[in-house]
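Only one structure is covered here, and it is reproduced in the block below.
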Amino acid sequence: MKKLKVRKIGNSLGSIFPKDWEVHDGELLSYTVDKKNHRVIIDLSKNDLEHDRALIEEGFKDFETGNFATEKEMKAMFGKYGWGK
């Protein structure tokens, strides 16, 4: 089991998360406390969902402004990678 060190931050306590968790500055993390078993469970799946949703919304901005490639253009640009087969 890996460990996180708890540190004093002002009048509160905090911890530094490993980079491979892909937690970003300012994110709100969902957690549950299981006092019976002395566990805190941090659920990062909601953060992944919100990140993916933001990427999708960003992609739709191009579509709404007409800034996108046609299927013919996509085949010309990416046909060698299997696009349009």
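Kindly list, by first and then second residue, each pair from a residue in segment 54-83 that is over 30 Å from Glu27 (Cα atoms) to a residue that is of a type in the set (Asp, Glu) and open to solvent by 90 Å² or more (accessible area, probe 1.4 Å), limited to pairs with Cβ atoms under 9 Å and residues at least 6 apart or on different chains.
Trp83/Glu71
Which one of Glu22, Glu57, Glu50, Glu71 is on the phi > 0 side of the Ramachandran plot and acidic (Asp, Glu)?
Result: Glu22 is the single residue among Glu22, Glu57, Glu50, Glu71 that is on the phi > 0 side of the Ramachandran plot and acidic (Asp, Glu).
The values are calculated or read from the model by the stated rules, or taken from the named source; none is laboratory data. Small disclaimer: the values here were computed from a predicted structure and weren't measured. Note that each Cβ is placed from the backbone with ideal geometry, even for glycine, and that neighbours are counted across all protein chains shown. SASA here: full protein model, heavy atoms, side chains in, ligands and nucleic acids out. Shrake-Rupley method; radii C 1.70, N 1.55, O 1.52, S 1.80 Å.
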